[in-house]
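As structure tokens, the structure follows; a few thoughts come after it.
The values are calculated or read from the model by the stated rules, or taken from the named source; none is laboratory data. Note that the structure is predicted; figures quoted are calculated from it, not measured. Positions of Cβ are backbone-derived with ideal geometry, glycine not excepted, and every protein chain shown enters the neighbour counts. Side chains are part of the model used for accessible areas, which takes the heavy atoms of the whole protein and leaves out ligands, DNA and RNA. Shrake-Rupley method; radii C 1.70, N 1.55, O 1.52, S 1.80 Å.
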Amino acid sequence: MPNIEEIIKGCQQHKMKSQKLLSDMYSNKMFSICLRYTKSREEAEDVFQDAFLKVFKKIHQYNFTGSFEGWLRRIFVNTAISNYRQN
């Protein structure tokens, strides 16, 4: 199994296999964040999908300084807060 740096570089090159690996690695932790910020499981699923779309669109901005999980978590939290404010 490739290490996280290789997976991130694969995602930056839009490789679907790398995106799947990244999603599988972090989906449980990130979904639990979504559940904390939403009122229902369905709403959490929507936030989860939106956040992962943002991650894959913005992953080229990650510059390998600091914690990747922290960077990822910030996107999920911000997406959940934005959803909360809209609803």
Which of the trypsin sites (Lys or Arg not before Pro) across segment 1-59 are loop residues per DSSP, with 12 or fewer other Cβ within 10 Å?
-> LYS39
With all protein chains modelled, accessible area of LEU22 [1.4 Å, Å²] = 0 Å²
With every protein chain left in place, what is the accessible area of TYR26 in Å² (1.4 Å probe, nearest 10)?
-> 20 Å²
Whenever you get a sec, compute what percent of the accessible area on the chain sits on carbon and sulfur atoms (1.4 Å probe).
-> 49 percent
Heavy-atom accessible area of SER27, protein chains in place, probe 1.4 angstrom, given in Å² to nearest 10, is 30 Å²
Provide the net charge surrounding ILE7, with neighbours chosen by a C-beta distance below 11 Å and charges set as Lys +1, Arg +1, Asp -1, Glu -1.
-> +1
Furthest towards positive pole of dipole, THR65, SER32, GLY10, structure part the chain, Cβ charges = THR65
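Hey, got the dipole for the chain? About the Cα centre, +1 on K and R Cβ, -1 on D and E Cβ, debye to the nearest 20?
So the magnitude is around 160 debye.
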If you stretched the chain out fully between LYS20 and ASN63, how much longer would it get, using 0.36 nm times the residue separation minus the C-alpha to C-alpha distance?
-> 13.4 nm
Sorting TYR62, TYR84 on solvent-accessible surface, 1.4 Å probe, most exposed first, gives TYR84, TYR62
